[in-house]
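Chemist: Got a structure here, written out as structure tokens. Questions coming.
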Amino acid sequence: METFANLADGFAIALTWNNLWLALLGCFLGTIMGALPGLGPSNGVAILIPLAFTMGLGATPSLILLTSVYYGAMYGGRISSILLNIPGDEPAMMTCLDGHPMAKKGLAGEALSLSGIASFVGAFLATWGLILLAPQLVKIALLFGPAEYFALFALAFMTLGGVSSTNQAKSAFAAALGLGLAMIGVDTQTGVPRFTFGEVHLYDGLDFLVAIVGLFALSEVFIFLEERHGSAEADAKKLTIGRLYPPASMIKQTAPTMLRTSVLGFIAGVLPGAGASLGSFISYSFEKRLVDKENTFGTGDPRGVAAPEAGNNAAAGGALVPMLALGVPGSGTTAVLLAVLLSLNITPGPLLFTQNPDVVWGLIAALFIANFMLLALNIPMVGLFTRVLLVPPRILMPIVAMVSFVGIYGISGSTFDLLVMIGFGVMGWVLRKLDVPLVPIILGTLLGNAMENNLRRAITIDNGNWWTLIDSPLTIILWSIAIIGFILPIVVGRRVKAKMRRDEEGAIQD
Amino acid sequence: MSDRIFGVVGLLLAIGFAVAALNIEESFLSDAVGPSGFPLIVAAVLGLSSIVIAIKPDAAPHWPSLGRLAELLAAVVMMVLYAELLPVAGFVIATAVAAAYLSWRLGSGILASVLTGVGSSVGIYVIFHLIFGLSLATGPLGF
């Protein structure tokens, strides 16, 4: 009952004209960013963070704007998957498999609207999951001391690589690199400068927003410059959208699929390190095994469109659970959202629910509102977004680059930060080439200081005894999960990831 | 081969990081772990993972040809110039030039890239500065 009272308070916060307008703006921008290949949810949220700050928005309105972008991008990714057979963002990869064949059969409109409904169902159920699960997780997290938190952070890093990379050594490298970057600046506990090389600008530490925008947005510009992508314009024009509402029989046929995959996607989202890409992948393969009796998956089966879309949107909601309740994000975009919270001086984690209930519940209410807005934007108005797809990268990418510069310059007004951002852009490009995942780097820069503080606190409390780190049953459980999570992908993960790759390549070659 | 070089570079980075961590001057305030404890753990993870990467390399990535690399380098130089000249030339002019350059290198014609540059520069100026009130670099001409 308490939950419903909280939720009602949340709606009271979210239902102001200002916040509704921000949610609508976020949904709209998010859908565009999701739809455009090369601008994913993490990029999209990253380049908008500075905007939210400079608009002078408070914590709740900023979060409403940016999580609407996040949900919107998850919706938008499917549009280019279906029409162009190019995933608009990574989680939309699996939607290509059946979405594009459906469009080729002249059912583009049906595929778009059906996937819109599936996205809605997934996101809607996941938001309920968030409401029910997050407070329970908070109760557990309140038992955590510094040693448990240190173990939890380690768990987050060790499990993150499982899905985002085929090579665990590379994800460990990325995490260590991020943690190392976070060490730059004046040590908060003793006041000595570390790794600053006498550069005064570095005494405050690296601004993680600079790192995020550089690594995600600028490296994307470099990738486009390198490959000079052919434009996808020609294809989209050939496909006619057709009717914008799926027949009732199609909805009936896909309803059980949507419900099953929403649950599956949500679970995948909550698990650390998994995120939306895994959610859509698991959903698709599970449904394929379960209902694909006539081998119609991959040839334009509506269920093959509904499954990954419900799955990835449910996972997007699920990924918010650990981010809000524990302060440990499980995916790239939730890491970026964590950056937003940290920049607003809000510490996520169990105390967030007691200290800033207005932020949490306002955000959750906004998610519901955004979800309905997205359904409205994505079904009748999907034609608008398909036109956006016609913007070629040679016009889009300069704008992305310039907005990145503007955003960072707007926060600090310093040329030094811009140069650091360019440095991160180059580094991001090289690391992407080498198949090193970028998300652990971001997570490392975000969580590095908190992780170190917890370590030092735990050991100081126990008078310098390092064994205190594995002294309680909770820490032992967390460390065991962390170690299993790190080793298991070395054994199993390679197969799963290889299969994902194969499916993806198959989809693009078709 | 790429991964072997990468691993060696990573290892050097880890060693450098560890050396820098050991050289952190001690403060009169101190705790049980000290300011260099955690960085040393990080350096160890960095070093170990680099060694594994060097010993068990993945297949080499597809590196761009020299021409494309020069292209990327030119873009980086352009961006650095942009960052340095932004406070001098003012936002609108600097951004128009930079965006036009990028658009041209991504395959637009001369006219189209000039239009893209001017369009995105003025567009960003209007939306971010005039509407949202973001402070942008001001040049000699006042914009």
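Chemist: Output the number of the condition that A:Gly88 fails; it satisfies all remaining conditions of (1) in contact with a Pro (Cβ under 6 Å, 6 or more places away or on another chain); (2) in a helix (DSSP H, G or I).
Modeler: (2)
Chemist: Tell me which residues, restricted to segment B:110-143, are touching a helix residue (DSSP H, G or I) at 6+ places or on another chain (Cβ under 8 Å), surrounded by 13 or more Cβ atoms within 10 Å (Cβ to Cβ) and aliphatic (A, V, I, L, M).
Modeler: Residues satisfying the conditions are B:Ala112, B:Val114, B:Val118, B:Val122, B:Ile124, B:Leu134, B:Leu136, B:Ala137.
Chemist: Now for a separate question. Restricting attention to segment A:376-397, which residues are within 14 Å of chain B (Cβ to nearest Cβ) and either under 17 Å from A:His201 (Cβ atoms) or in contact (Cβ under 8 Å) with a residue 60 or more places away in the chain (or both)?
Modeler: Correct list: A:Val391, A:Pro392, A:Pro393, A:Arg394, A:Leu396, A:Met397.
Chemist: Kindly indicate the residue of segment B:2-30 that is of a type in the set (D, E, K, R) and assigned to a loop (DSSP other than H, G, I, E, B) and also modelled with the highest pLDDT among those meeting that condition. Working first, answer last.
Modeler: In the first step, residues of segment B:2-30 are kept if they are of a type in the set (D, E, K, R); the result is B:3-4, B:25-26.
Add one more test, that the residue is assigned to a loop (DSSP other than H, G, I, E, B), and what stays is B:25-26.
Working: B:Glu25: 76, B:Glu26: 73.
Selected residue: B:Glu25.
Chemist: Please pick out the residue among B:Gly7, B:Gly67 that is touching a Ser or Thr at 6+ places or on another chain (Cβ under 6 Å) and more than 7 Å from chain A (Cβ to nearest Cβ).
Modeler: Only one candidate passes the filter, namely B:Gly7.
Chemist: Another question, then. For segment A:117-133, give me each residue that is of a type in the set (Gly, Ala, Ser) and either buried (at least 24 other Cβ atoms within 10 Å of the Cβ) or assigned to a loop (DSSP other than H, G, I, E, B) (or both).
Modeler: Matches in segment A:117-133: A:Ala118, A:Ser119, A:Gly122, A:Ala123, A:Ala126.
Chemist: Name the residue, out of A:Gly425, A:Gly410, that is facing chain B (nearest Cβ under 9 Å), buried (at least 23 other Cβ atoms within 10 Å of the Cβ) and of a type in the set (Gly, Ala, Ser).
Modeler: Only one candidate passes the filter, namely A:Gly425.
Chemist: Report yes if A:Lys170 is buried (at least 21 other Cβ atoms within 10 Å of the Cβ) and of a type in the set (Lys, Arg), otherwise no.
Modeler: yes
Chemist: Another one. Would you call A:Val430 at pLDDT 90 or above, of a type in the set (Val, Ile, Thr) and closer than 25 Å to B:Gly7 by Cα? Please lay out each step first, then the result.
Modeler: Numbers: at pLDDT 90 or above: yes; of a type in the set (Val, Ile, Thr): yes; closer than 25 Å to B:Gly7 by Cα: yes.
Yes, satisfied.
Chemist: Which residues, counting only those in segment A:309-345, are β-branched (Val, Ile, Thr) and not in a helix (DSSP H, G or I)?
Modeler: A:Val328
Chemist: A follow-up question, please. Could you pull out the residue among A:Ala14, A:Ala73, A:Ala23 that is closer than 22 Å to A:Gly214 by Cβ and surrounded by 24 or more Cβ atoms within 10 Å (Cβ to Cβ)?
Modeler: A:Ala73
Chemist: Here is a further query. Does any residue of segment B:45-64 turn out to be closer than 30 Å to A:Phe405 by Cβ and either more than 8 Å from every other protein chain (Cβ to nearest Cβ) or without any contact (Cβ under 8 Å) to a residue 12 or more places away in the chain (or both)?
Modeler: Within segment B:45-64, one or more residues are closer than 30 Å to A:Phe405 by Cβ and either more than 8 Å from every other protein chain (Cβ to nearest Cβ) or without any contact (Cβ under 8 Å) to a residue 12 or more places away in the chain (or both).
The values are calculated or read from the model by the stated rules, or taken from the named source; none is laboratory data. This is a predicted model, so every value here is computed, not measured. Glycine also receives a Cβ, built like all others from the backbone with ideal geometry; neighbour counts cover every protein chain displayed.
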